[in-house]
Amino acid sequence: MTKILIVDDDAEIVRLLETFLTGEGFEVVVASDGPSALTATSSMEPDLILLDIVLGSEDGRDVLRELRLISDVPTIFLTGRGLEAERIAGLKMGADDYIVKPFSLGEVSARIESVLRRSGVNVLQHQIDAPNLKFGELHINESTHEVRMGGVLLELTSKEFALLAFLASSPRQVFSREQLLKHVWSSSSEWQNEATVTEHIRRLRSKIEVDPDHPRWIATVRGVGYRFEPDSAAD
């Protein structure tokens, strides 16, 4: 997993970036000052650093000078200073890019991907690691067949994963048991009992629901079938 070190003493910015980047499939470590940034760089060998220029009484540019004595890790400056002269000075002293606050998360993602590509980090692997179906704390990765709830990897069978991914790919759409047999099992009620679907739904709920008897993610639509609830409590 691609590792990113965030060096910033602004708790709100750190929380925003950490949540976003973790959701994008990165491993994130946080440091709030120069010494801890140097220690983290030595110990974890990050693939990229997001470094705020203003770190309390410290100057992030001085931190970068020290970082360059021990590592050539790609570094992107975060700053509220948008003057061209200051951006040029930062790039000349060894920064790989410059993001001016306030920034959009889309811009952060694009600049990180660009710097990683230029530095030769395997961006494709990061894209494989990133979940492609995200619903709050529930992340489903169809490339790696992994499901995480609140960052915790869940142990699902291949059929449980296929059932969850199929339902989640069409949020709030109701599927009958017969339809699920057809699309998930490539079968039909003529060949396989629809109770198979019911049992797999039960097992899946036992793994992803806090209270399987009152499911939040997979709702039962009486007399019809099941649907995935993306953003509101399921019935």
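Cross-link partners of K182 among lysines, defined as those whose alpha carbon lies under 16 angstrom from its own and excluding same-chain residues fewer than eight positions apart: K159.
Placing a label point 7 Å from the Cα of D72 along the Cα-to-Cβ line, the residues of region 27-64 whose backbone N sits under 19 Å from it are 41-50, 64.
FRET efficiency for the pair L105 and A195, taken as 1/(1 + (r/R0)^6) with r the Cβ-Cβ distance and R0 = 45 Å, rounds to 0.50. Summing charges over all other residues whose Cβ lies under 10 Å from the Cβ of L204, with Lys and Arg as +1 and Asp and Glu as -1, gives +2.
The structure-derived value of semi-axes √(5λ) of the Cα gyration tensor in Å appears in the list (1) 46, 16, 15; (2) 25, 20, 19; (3) 38, 17, 14 under the label (1). Candidate cross-link partners of K207 among the aspartates and glutamates, defined by an alpha-carbon separation under 20 Å and a same-chain spacing of 8 or more, comprise E137, E142, E146, E155, E160, E199, E229, D231, D235. Note on R202 and S43: their simple-model spin labels are 4.7 nm apart, each label 7 Å out from Cα toward Cβ. With labels modelled as points extended 7 Å from the Cα through the Cβ direction, what inter-label distance (nm, one decimal) is found for E178 paired with D231? Simple spin-label model gives 3.3 nm for this pair. Going 7 Å from the Cα of T19 along its beta-carbon direction, which residues of region 142-184 have the amide nitrogen within less than 17 Å of the resulting point? What the label zone holds, given the 17 Å backbone N cut-off, is 149-152. Working value for region 133-228: equivalent-ellipsoid semi-axes of 21, 15, 12 Å, each the square root of 5 times a Cα gyration tensor eigenvalue, largest first. Taking label positions 7 Å along the Cα-Cβ direction at both S170 and K134, the computed distance is 2.5 nm, reported to one decimal. Listed by chain and number, the lysines placed with their C-alpha closer than 25 angstrom to that of K101 are K3, K92; residues fewer than eight positions away on the same chain are left out.
Across region 41-48, rounded Karplus estimates of 3J(HN,Hα) from the backbone phi angles (6.51 cos²θ - 1.76 cosθ + 1.60, θ = phi - 60°) give 5, 5, 7, 9, 6, x, 7, 7 Hz, Gly and Pro being marked x.
Quick note: the coordinates plus some simple rules give every number you see, no bench work behind them. Predicted model, so just to flag it, every value in this text is computed and none were measured. With ideal geometry, Cβ positions are generated from the backbone for all residues, glycine too; neighbour counts draw on all protein chains shown.
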